[in-house]
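The values are calculated or read from the model by the stated rules, or taken from the named source; none is laboratory data. The model shown is predicted, which means the values in this text are computed figures rather than measured ones. Cβ coordinates were reconstructed from backbone atoms using ideal geometry, including for glycine residues, and neighbour counts include every protein chain displayed. Side chains included, ligands, DNA and RNA excluded: accessible areas come from the protein's heavy atoms. Shrake-Rupley method; radii C 1.70, N 1.55, O 1.52, S 1.80 Å.
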Amino acid sequence: MELPRTRALLPDVRWRDSSLSTNAELRDLVAHEAGGAAGVAGRLPHGTLVATSDQTAGRGRLDRGWVTPPSSSIAASLLVRGFGATGLGVSWLPLLAGSAIATALQPHFSAAAEREGVEAKRVGVKWPNDVHVRDEQDAIAGRPGKKLCGILCELLPGGASGHDIVVGTGINLLIPEWELPTDRASSLLAAGADTGGAETLADEAGRDLADRVLSDYARELLRLVRLAGEDPGAARARVARHSLTLGTEVRVHLPGGEIVDGRARALGDDGSLVVDLPTGGDLTVSAGDVEHLR
């Protein structure tokens, strides 16, 4: 795929017709670079991207599989160098990526709503690493809506500049409703966004859609990474504005099997979720699944 906007923005873009895992490919490229392997010319720059519309063995958080019909979704992995030099911990990066994805996808829903004369659906981030779209009924009921994108960040060993990270995303663009993997998932097409008439990422309109989404996402994520270094508070505020979880009643499934209900109140200094408990006090959640209660 040509991806003219994305290639004009980023220093190194590697499109794959098919890939087992774009995260694994980018991770291997960095490992070869570190080992001085032949065929790797110099140090991969900050902002290097590996992407495909046919990922066959992708995985998400907690080693969950992520496989979609070919030419309907984009799997993309972006290299972020030296995130440790910013004022935020690495656990903020999935939240920043979610905010960037939300920024890239929201205009497609706003354009569709303007055309139809209705209120636009909202794209936002469900803590800690999923991007959802929800309508007014979802908002009233406290539901996060349906999932458009998952995010998986992997910290690379021995980063010379401190905390080099692969940011992996799987963005559902043109999956028709009947091919969605679960009733909790959606895509731009299935959720009624403006897709420019694209039916598949293999046609001209689909290639243009993929290029727009990738370039808008990458531009915003790199901007937020810079902002995290210059003004960490402003970056945190940006994440909070995109949160679908803050202010809602939630059920937290903790790693040890314990289940806790409460109200999501804030994000901690390390990006953790602070949940007010009905019995008083609060719980800080750094790892676990969060379910929005209806």
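Looking only at region 190-218, count every residue that is touching a Ser or Thr at 6+ places or on another chain (Cβ under 8 Å), crowded, with 19+ Cβ neighbours inside 10 Å and free of Cβ contacts under 8 Å to residues at least 60 places away in the same chain and tell me the total.
Count: 1.
Give just the number: which of (1) over 10 Å from the mean Cα position of the chain (by Cα); (2) free of Cβ contacts under 8 Å to residues at least 40 places away in the same chain does ASP130 not satisfy?
Unmet for ASP130, out of (1) over 10 Å from the mean Cα position of the chain (by Cα); (2) free of Cβ contacts under 8 Å to residues at least 40 places away in the same chain: (1).
Between a residue in region 226-241 that is farther than 18 Å from VAL125 by Cβ and any residue that is among the hydroxyl-bearing types (Ser, Thr, Tyr) and open to solvent by 50 Å² or more (accessible area, probe 1.4 Å), which pairs come within a Cβ distance under 9 Å, given they are 6 or more apart or on different chains?
none
Of the residues that make up region 235-255, is at least one modelled with pLDDT under 95, over 21 Å from HIS132 (Cβ atoms), out of contact with any Ser or Thr (no Cβ under 9 Å at 6 or more places or on another chain) and open to solvent by 30 Å² or more (accessible area, probe 1.4 Å)?
yes
Six or more apart or on different chains, Cβ atoms under 6 Å: show the pairs whose first residue is in region 1-20 and over 13 Å from SER53 (Cα atoms) and open to solvent by 80 Å² or more (accessible area, probe 1.4 Å) and whose second is of a type outside the set (S, T, N, Q) and assigned to a helix (DSSP H, G or I).
Pairs that qualify, where the first residue is over 13 Å from SER53 (Cα atoms) and open to solvent by 80 Å² or more (accessible area, probe 1.4 Å) and the partner is of a type outside the set (S, T, N, Q) and assigned to a helix (DSSP H, G or I), are ARG5/ASP211.
Provide a single number: the residues in region 161-216 that are farther than 19 Å from ALA100 by Cα and touching a Pro at 6+ places or on another chain (Cβ under 8 Å).
4
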